[in-house]
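In what follows, a single structure is set out as structure tokens and then discussed.
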Amino acid sequence: MLMEQTVQTLKTLRLPGMLAAFEEQQTNSAAASLSFDERFAMLVDREQTWRENRRVSRLLREARMKSGQACLEDVRYGTDRKLDKASMAQLGSCQWIRAHQNVILTGATGCGKTWLACALGNAACRQGLSVAYVRTPRFFEELRIAHGDGSFGKKLASLSKTDLLILDDWGLAALNQSERNDLLEVLDDRVGSRSTLITSQLPVEHWHAYLNDPTLADAILDRVIHAAHKIALAGESMRKQKELQ
């Protein structure tokens with residue numbers, strides 16, 4: 001009777017991790033030899049683990065990354081890719097996000113920029129940081145729609161609270177004046193308080209010309225390039241290598 005009441009109470013209090021551990025203890029004879037403090041500590045630890053796992057699952061779901069299974073443990077190194085293991089280990093710690101720095105990944109199409117960006121995004125989620133992944137052309141479309149339905153301010157507020165914003169495929173199409181203004185608004189809210197990761201086929205030195213507005217380009221690039229980790233990927237297309245396997 002007492003066990004049934006305890007189970008019901010744990011359900012009412014919404015403590016599923018603790019409930020699962022409690023039920024396991026009732027069927028595990030080894031648990032009977034433990035002290036009350038030890039058994040209670042096990043219950044609390046299970047609840048904490050359950051909540052952490054649930055938070056990570058939610059962050060990964062909300063990030064909506066293109067390569068959801070990408071992880072830093074699977075990164076392919078080699079002299080042809082120009083990827084430094086020490087630098088990747090440092091980025092994998094996510095300290096750059098906590099320090100509100102940026103990352104810029106450049107390289108030819110197919111070299112693995114998107115995959116690596118998602119791997120860094122997944123690492124961030126697993127450390128409890130919020131992430132938003134979006135392809136840059138779609139990002140500007142979302143902002144255009146937000147202007148139309150009056151939710152632009154709400155959209156900016158949401159983005160300003162996201163620990164890491166991943167803008168994939170930067171520089172694929174020319175920007176109009178409205179898009180340049182919106183980009184500056186988004187980045188201005190993030191500078192010094194949040195982090196942005198950008199992937200692009202365009203080398204960084206061509207970004208000023210791509211933005212096609214000297215004044216706005218200076219303002220935008222100052223907010224992106226300042227305190228940014230730059231990685232220029234090289235080597236053959238990863239897609240072609242997979243096709244040959």
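Structural remarks
- Yes/no for residue 217 being of a type in the set (A, V, I, L, M), more than 19 Å from residue 131 (Cα to Cα), in a helix (DSSP H, G or I) and open to solvent by 50 Å² or more (accessible area, probe 1.4 Å): no
- All of 8, 69 fail the test of being open to solvent by 100 Å² or more (accessible area, probe 1.4 Å) and modelled with pLDDT of 85 or more, apart from 69.
- On the stretch given as segment 73-90, residues that are open to solvent by 40 Å² or more (accessible area, probe 1.4 Å) and either in a loop (DSSP other than H, G, I, E, B) or under 17 Å from residue 103 (Cα atoms) (or both) total 11.
- Single match in 173, 209, 146 (criterion: touching a Pro at 6+ places or on another chain (Cβ under 7 Å) and farther than 23 Å from residue 120 by Cα): 173
- Boolean, residue 172 is open to solvent by less than 60 Å² (accessible area, probe 1.4 Å) and under 22 Å from residue 103 (Cβ atoms): no
- The residue that is nearest to residue 59 (Cα to Cα), counting only those in segment 111-130 that are open to solvent by 10 Å² or more (accessible area, probe 1.4 Å) and assigned to a loop (DSSP other than H, G, I, E, B), is 130.
- When restricted to residues that are within 20 Å of residue 210 (Cα to Cα) and outside any helix (DSSP H, G or I), segment 135-177 contains 12.
- Given (1) of a type in the set (A, V, I, L, M); (2) open to solvent by less than 30 Å² (accessible area, probe 1.4 Å); (3) touching a residue at least 60 places away in the same chain (Cβ under 8 Å); (4) within 28 Å of residue 221 (Cα to Cα), index of the condition residue 108 fails: (2)
- In the condition set (1) within 30 Å of residue 166 (Cα to Cα); (2) part of a helix (DSSP H, G or I); (3) open to solvent by less than 70 Å² (accessible area, probe 1.4 Å); (4) at pLDDT 70 or above, residue 20 is compliant with all but (1).
- Scope segment 187-212; condition hydrophobic (A, V, I, L, M, F, W, C) and surrounded by fewer than 20 Cβ atoms within 10 Å (Cβ to Cβ); matching residues: 191, 202, 204, 209
The values are calculated or read from the model by the stated rules, or taken from the named source; none is laboratory data. Given the structure is predicted, the values throughout are model-derived calculations rather than measurements. Every residue, glycine among them, receives a Cβ derived from its backbone with ideal geometry; neighbour counts consider all protein chains shown. These accessible areas exclude ligands, DNA and RNA; they are computed on the full protein's heavy atoms, side chains included. Shrake-Rupley method; radii C 1.70, N 1.55, O 1.52, S 1.80 Å.
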